[in-house]
Amino acid sequence: MKTSINFKAVKSDSETHNFRKKTFDYIRKDLTPKNEYWMEQKIADRIQKIEAYCKEKSGRKLQKNAMPVREAVVVIKENTTMMELHNLAKRLEEELNIRVFQIAIHKDEGHTDKDTKEWKPNYHAHLVADWQDLETGKTLKHQSYHYSKMQDLTAECLNMERGISGSRGRLEAIEFKIHQKEEDLKVLEKRLNTMKSEMSSEKSQQLIVKENDFLGFKRLNTNKTVANYEKAFRSYRSIIQKNKTELECKSKQITELRTKVDSLNKEVQSFKNRYSVLLTEPNVFASEKKKYLDSVTNILEREIKFERYRYPNTARTENQKLISEMGAIAQKVCQENNIPFNTINEIFTDSDKGAELFSLLKFGINNSYQDMVPEENKKNRKIL
């Protein structure tokens, strides 16, 4: 599966939709219990905090057209976990200063196929983020390569294939539009040719009116025949003019689209050239490998913290039991996130990192996982 992330200005009813605070007619109520939610702060409270910080930091009010809180829809898999989305949120903050404070996983939206009557789910997650630059108090300013980086991070953290890059995607979409316009042109041209042939075919004979005279002979009724032809010509002229206008419009659209295709082809080639140069650098592969190992380590650390949260009183003094528990955790992380187990082995070849992970499992960190537990799980814990 391919994934993508797309941030836009947050909507006023975002929390109502994301946290299912009311019933919507386009969702499957029987699947709603499969949704997952996490909230650090309400949107209204975060906006107040942002506005106050902007005033304190810059001495000015936040601009009216600013978008300090934004929301992204992320394409996910059926088994994508809240932990993976927290990992994505962590990477977005570390590398792009985007601070996610709400996450909602939706598994109750989709549609029924008209032909097969099969339910086609639309698995996705909503990420609501603080877009404020903490250095200036204003909103973050990102360039095009930052948005490309967002796609890379999303694919990496969710263990999914990256969606088509912006340029390539737009190019394919435009080429598809050109194909559609050309097909429309063929239909219009066929319709025009059909009309022209009809004008000289037997259909024109149907416009001729002959009536019996007082002697019983068939004679041409000139007035009625002329009236029929005039009516037919008016109708044909109107249709032909309309089709001609459509033809000219579609021809113009095709020309414009082809110009965009040429431009995007150049842009795609530019990207290819840039990536080709990057791939010849000897440090690139080592750097990408480190990023991947760091990401897996982060997931492993979160699972260890979660294990300690679930079983805080388990005795972890015997080394053999500790190793066995760590192995089970690593196995679970690999299975749930489609990670090769040899990746875990490579992480533990770093003796310092291995010691740090075992220490985390053995001794833990106070409240290390508390802030990551979804609100509904916290409530259940209090009841228990």
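Each reported figure results from applying straightforward, stated rules to the coordinates on display, with no laboratory input. Computed from a predicted model, the values in this text were never measured in an experiment. Cβ: placed from backbone, ideal geometry, glycine included. Neighbour counts: every protein chain shown.
Given the options Thr80, Asn35, Gly59, identify the residue whose Cα lies farthest towards the positive end of the charge dipole of the range 34-85 (+1 on Cβ of Lys, Arg; -1 on Cβ of Asp, Glu).
So the residue furthest toward the plus end is Gly59.
Could you give the length gained by full extension between Thr32 and Glu78, i.e. 0.36 nm per residue of separation minus their alpha carbon distance, to one decimal place?
Here the segment from Thr32 to Glu78 would lengthen by 15.2 nm.
Please compare each pair in Lys22/Lys107; Lys2/Lys353; Lys260/Lys291; Lys242/Lys266; Lys57/Lys305; Lys90/Lys332 to a cut-off of 27 Å on the Cα-Cα distance and tell me which ones are over it.
Lys2/Lys353; Lys260/Lys291; Lys242/Lys266; Lys57/Lys305
Given 37 °C and 0.692 mPa s, how large is the Stokes-Einstein diffusion coefficient of the range 1-122 in µm²/s, with Rh as the Kirkwood radius over Cα pairs?
Answer, rounded: 198 µm²/s.
In debye, nearest 20: dipole of the range 67-144 around its Cα centre with unit charges on the Cβ of K, R (+) and D, E (-)?
80
Would you mind calculating the gained length between Ser324 and Leu134 on full extension (0.36 nm times residue separation, minus the Cα-Cα distance), in nm to one decimal?
64.0 nm
Give, in nm to one decimal, the length gained when the segment between Asn122 and Asp152 is fully stretched (0.36 nm per residue of separation minus the Cα-Cα distance).
Gain on stretching Asn122 to Asp152: 8.7 nm.
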